[in-house]
1. Take the stretch 278-330 and flag every residue that is more than 25 Å from Lys62 (Cα to Cα) and surrounded by fewer than 17 Cβ atoms within 10 Å (Cβ to Cβ).
2. Given the criterion in a loop (DSSP other than H, G, I, E, B), in the same structural domain as Gly168 (by TED's automatic domain parsing), closer than 18 Å to Thr388 by Cβ and of a type outside the set (Asp, Glu), identify the matching residue among Leu456, Leu472, Leu461, Leu446.
3. Does any residue in the stretch 198-222 that is at positive phi come within less than 6 Å, Cβ to Cβ, of a residue that is among the β-branched types (Val, Ile, Thr) and buried (at least 20 other Cβ atoms within 10 Å of the Cβ) six or more places away or on a different chain, and which pairs are these?
4. Output the number of the condition that Tyr464 fails; it satisfies all remaining conditions of (1) within 18 Å of Gly210 (Cβ to Cβ); (2) modelled with pLDDT of 95 or more; (3) touching a helix residue (DSSP H, G or I) at 6+ places or on another chain (Cβ under 7 Å).
5. Any residue at all in the stretch 139-150 that's small (Gly, Ala, Ser), crowded, with 20+ Cβ neighbours inside 10 Å and more than 24 Å from Arg88 (Cα to Cα)?
6. Quick check on Pro361: is it free of Cβ contacts under 8 Å to residues at least 12 places away in the same chain and in the same structural domain as Ser208 (by TED's automatic domain parsing)?
7. Among Asp355, Asp381, which is part of a loop (DSSP other than H, G, I, E, B) and acidic (Asp, Glu)?
Amino acid sequence: MTHAATSPSATSLAGLLTRRGFLDSMLHGLIGISLIDLLGRDTDAATRSRRRDVPHFAPKAKRVLQIFCPGGVSHVDLWDYKPELFRRAGEPLPGAGQFVSFQGKNGNLMAPPWPFKQVGESGKWISSMLPHLSQHVDEIAFIHSMTSRSNTHGPACVFMNTGQTAEGFPSAGAWVSYALGSENKNLPTYVAIPDIRGEPPNGKANWSAGFLPARHQGIVLAAHRPIRNLTRPPGIGPDEERATRQLLSLLNDRYQQRRPADEALAARIAAYELAARMQLSAPEVTDLSAEPEWVHRMYGTEDPNRLKAAYARNCLLARRLLERGVRYVTLYCASRASGVDGLLNWDAHKTLKSDYERHCPILDQPTAALLTDLKLRGLLDETVVLWTTEFGRMPTHQQGTKGRDHNPDGFTIWLMGAGIKGGVSYGATDEFGRRAVEKVTTVWDLYATVLHLLGLDHRRLTYYHNGLDRRLTDVHGHVLHEILS
């Protein structure tokens, strides 16, 4: 046997030429290729997450105000006038038989407890329980054919805010923050303002950043919930604090340069830097005492009803945030469900009349004042306003009660402001308000439209996660051009 035949290289080559050796080598090669591809994708996703996208086309709006009423507001009692519901109250719902909804069997059709009135030049029928908001109907586009994929509060709230019923996905505000960035580096890009009564169902999942970089999640701020720890500790002067920040910034930059794909690190650094800047900006924006007396009277911030006054102060805070360049504000009116249905939110299963006589005055004047204030200051021309809830209510009463059960098959939301055609109604439910039957609309259609107003194509706003290019609108969504001006 020659030396060449016994050399290590020859032995290795002979091993490769066997079937077992060939397959083993091919397996290791494929593993390496896959690893390189995955690492490349991770790096690419991290790079994209740091990039500020510019609008895809000329925007009509710069920012968004979302007003959210948790509990499932009854469309047939406030926004969606159904004469047949008044005429045929007490009769069975045609074709329903012993229909069973979320909490059980339903009784007969139940008329709204209050009359509707025809208001505005558009002649829109709206509940007499909303005298202040009725003054804005000629500037509002009502969508009467909204639908949801859940009849349970938590998943339905998350669905309305994220386009997914499961937790862990980015909210609309986080997507807008990711796409457009901030107009004011000293304030958060996205703020969630919870009601004084508490957080909405499923809490922070409603303003989560999901799989987007953490810096895009909503910052919780409210008039009744000031930011803590904004002042310097005793004994530390401004020069010492400034020098400390400069040194910390230098160390952070050096550390991050060596770990460019570490999104959690980047988010923490951004959060600390924002917190430092907010030491100067947050006290000013939350100082409602700087507003003149007539503004406080318009909003009702000193109303004897403490819940209405608290919501009014949050409405005023929302306007101050928007005018200072906060990109997305979600303002909540009511909170999560309580042990007594309808006490803390709009979930009127048993006593709708007394529940809504509690909630409507809280919503009506302060919200109408916020819309008026935005218009007076020219902010409405650059702000798209959404009024949303997670689902509607049945046109029947729950068996044995004077309330209504959940109805995800047809309900009302509305839009107003930049790029919105006012005084219009889009889509329709059937003659009783039970189900959307004309121009059936989804949450994905809503957000495709909102992104369009912000100059963004909802199909192109994506983020790579778990093997998919994710979107706010999932694989759905159509722009509602008929409600656009």
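1. Scanning the stretch 278-330 gives Gln279, Ser289, Ala290, Pro292, Glu293, Trp294, Arg297, Glu302, Pro304, Asn305, Arg306.
2. Working: Leu456 fails: closer than 18 Å to Thr388 by Cβ; Leu461 fails: closer than 18 Å to Thr388 by Cβ; Leu446 fails: in a loop (DSSP other than H, G, I, E, B).
Result: Leu472 is the single residue among Leu456, Leu472, Leu461, Leu446 that is in a loop (DSSP other than H, G, I, E, B), in the same structural domain as Gly168 (by TED's automatic domain parsing), closer than 18 Å to Thr388 by Cβ and of a type outside the set (Asp, Glu).
3. Filtered contacts from the stretch 198-222: Asn202/Val158.
4. Of the numbered conditions (1) within 18 Å of Gly210 (Cβ to Cβ); (2) modelled with pLDDT of 95 or more; (3) touching a helix residue (DSSP H, G or I) at 6+ places or on another chain (Cβ under 7 Å), the odd one out for Tyr464 is (2).
5. So far as the stretch 139-150 goes, yes, one or more of its residues are small (Gly, Ala, Ser), crowded, with 20+ Cβ neighbours inside 10 Å and more than 24 Å from Arg88 (Cα to Cα).
6. Values: free of Cβ contacts under 8 Å to residues at least 12 places away in the same chain: no; in the same structural domain as Ser208 (by TED's automatic domain parsing): yes.
No, not satisfied.
7. Asp381
To keep it simple, each residue is scored yes or no on (1) closer than 24 Å to Ala436 by Cα; (2) assigned by TED's automatic domain parsing to the domain that holds His75; (3) not small (Gly, Ala, Ser).
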{"position": "Gly95", "(1), (2), (3)": "yes, yes, no"}
{"position": "Glu121", "(1), (2), (3)": "no, yes, yes"}
{"position": "Lys124", "(1), (2), (3)": "yes, yes, yes"}
{"position": "Ile140", "(1), (2), (3)": "yes, yes, yes"}
{"position": "Asn151", "(1), (2), (3)": "yes, yes, yes"}
{"position": "Met160", "(1), (2), (3)": "yes, yes, yes"}
{"position": "Pro170", "(1), (2), (3)": "no, yes, yes"}
{"position": "Asn184", "(1), (2), (3)": "no, yes, yes"}
{"position": "Ala192", "(1), (2), (3)": "no, yes, no"}
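The values are calculated or read from the model by the stated rules, or taken from the named source; none is laboratory data. If you're wondering where the values come from, they're calculated on a predicted model, not measured in any experiment. Every residue, glycine as well, gets a Cβ built from its backbone with ideal geometry; the counts of neighbours run over all protein chains shown.
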